[in-house]
1. How about region 207-260: which of its residues are in a helix (DSSP H, G or I) and over 22 Å from Ala146 (Cβ atoms)?
2. Evaluate the following for Leu300: is it modelled with pLDDT of 95 or more, more than 29 Å from Val354 (Cα to Cα) and of a type outside the set (S, T, N, Q)?
3. It is to be established whether one or more residues within region 397-406 are touching a Ser or Thr at 6+ places or on another chain (Cβ under 9 Å) and closer than 25 Å to Asp321 by Cα.
4. So which residues in region 263-280 are in contact (Cβ under 8 Å) with a residue 24 or more places away in the chain and surrounded by fewer than 17 Cβ atoms within 10 Å (Cβ to Cβ)?
5. I need a count of the residues in region 83-127 that are out of contact with any Lys or Arg (no Cβ under 8 Å at 6 or more places or on another chain) and either of a type in the set (A, V, I, L, M) or outside the structural domain of Gly40 (by TED's automatic domain parsing) (or both).
6. Quick check on Pro256: is it surrounded by fewer than 19 Cβ atoms within 10 Å (Cβ to Cβ) and in contact with a Ser or Thr (Cβ under 9 Å, 6 or more places away or on another chain)?
7. Suppose we filter Leu98, Leu174 for residues that are at pLDDT below 95 and crowded, with 20+ Cβ neighbours inside 10 Å; which single one remains?
Amino acid sequence: MDLSSLLHDLHLLSSEKPLPPSPLPSITELLARLTEKLIGASSDSDTSSLIGCVERLFQTADPDWLFSLTSVNEEGEEEELQSAYRSLISALIGCADLPLCEDDSAPAPAAYQSIPSRAIQVCSVLRALLGAVGNWEGTGLLLRVAPPVCVFAVTHFQDQVWTNPPSRAAAQSLQEALLRAGGWRDSAHLLVGDGRQREGGEEGGILRGVLDVLQPQLTKDSWQQCVAVKLVFSWTLLQLARPSLSLHLPRLLPPPLLFNDHYRPENCMLGVRCLHHIILNTPAADLRQFNRADVIYQALFKHLFTTETTVIQLALSCLLDLLLVLEKPPSSLDPSLSRRKPCLHDDVLRLVLVHMEAENNVALRRVYASVLPLLVDRMGVAVCRHLLRVERVVLGYLEVRDPPEETSRLKVLKVLQRITRAAWPRMQRPRLHVLLRQLLQLLVDVSSDSQLDVSVRETLMREATLCVQLLHACSPGDVQTVLLQVDSSCCSPEVLGCLVRGDEDAVGDVS
């Protein structure tokens, strides 16, 4: 089909204003007419026909006519041409818009039934446009239209309720066409470029444009209305690394804080993941500027009061990295400063220990037990301030089985080893006697537990034996007194073998 026939077909789709008599009207006027028709289409069939005609237009028309400037005022006409293409792309993308969420609940899956097929059509016409733009010499138009195209592709190549395998493949193909059109290596290069200033002032990247597209929907009152906007933003953020991320931090930090504050666990988790990525990829000085790190800390700390296992796990992992931005770990300071005021590490450790004492949910116990060794390492000798709580937690967790991997018991044994090394002068009676009796009871119980995997049993007994050796190195006489009270008839040969092992290595570990 030639261009004149195509223009005639476009005219037949509407009985409104006739096209100019010239066989080749002004491209900006034609784009405006196409945008008007797409927005005013009254039926799905009209919309599909229009989309197909626009695709054929980009496939058959001469690029010199599609992108050429005819007036003397090239700067003004170029801006008009770019705006016309941007408006047309917005109208095309609007044909596959997702339904808005109402009453803080996502639409039913049935509301998305027509989205995948329409998205495939839009992807096809946008690929045709990118193919034509990629063969054109100018880059200003590409940088202008790339942000909304990128947002649309990212929206539809994710595995979500509004996509299916064909639509995801079409969106992925559109993203690849966008990369080829601009000569970008990958998505990160697409967003931030390579540092060379190019036409449009974006240094070859489109991050500012993408954020401009997302910004109207990322406000406190509107981000929940479109379920895709948070996913597109998080995808964009996770493509960024040092030093590019910190350059845009004022615009990248507020949305994760909004997600983090939401009451739904999935939104909280998304917000925490985004905040963690920001912490790992932003210099500490930039995070401390304007008290950003303190704001993030307060936003994360409140999650420690929830009962959602996944949220607490992510929040604790993020907090541990954030604490290194806010302060030096107590273990790295001069021991002579051990009487200093408690710090944020103390606050986190104290709250974790309080929750561990009362927690009976197995999944949460494992989460807390997994983070406790690292917190104790960070505290060093300052863990003495929490020794009573740590002791109660260790005793309580050693009493309760945690099959099949015995994660909680193994972690608290690591904790006991570390506090013994860090605070060995404080490991005296009666604390030593209580801990030692619990360790002996653990050895006996584990050795007779036929349900435990052999490797898990061996690991438990090895770690418990090391704890006994370390306690013996702290106070040999007291340990020997307790061991003399052990009735050998109640212990298996395996347990007795653990108890008679040499203590020379433990003395070196403590010293």
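1. Scanning region 207-260 gives Ser246, Leu249, Pro250, Pro254, Pro256, Leu257, Leu258, Phe259, Asn260.
2. Taking the combined requirement at face value, the residue does not satisfy it.
3. No, every residue in region 397-406 fails to be touching a Ser or Thr at 6+ places or on another chain (Cβ under 9 Å) and closer than 25 Å to Asp321 by Cα.
4. Within region 263-280, Pro265, Leu280 meet the criteria.
5. Final tally of qualifying residues: 18.
6. no
7. Among Leu98, Leu174, only Leu98 is at pLDDT below 95 and crowded, with 20+ Cβ neighbours inside 10 Å.
The values are calculated or read from the model by the stated rules, or taken from the named source; none is laboratory data. Because the structure is a prediction, the values reported are computed rather than measured. Cβ sites come from the backbone with ideal geometry, for glycine too, and all protein chains shown count toward neighbours.
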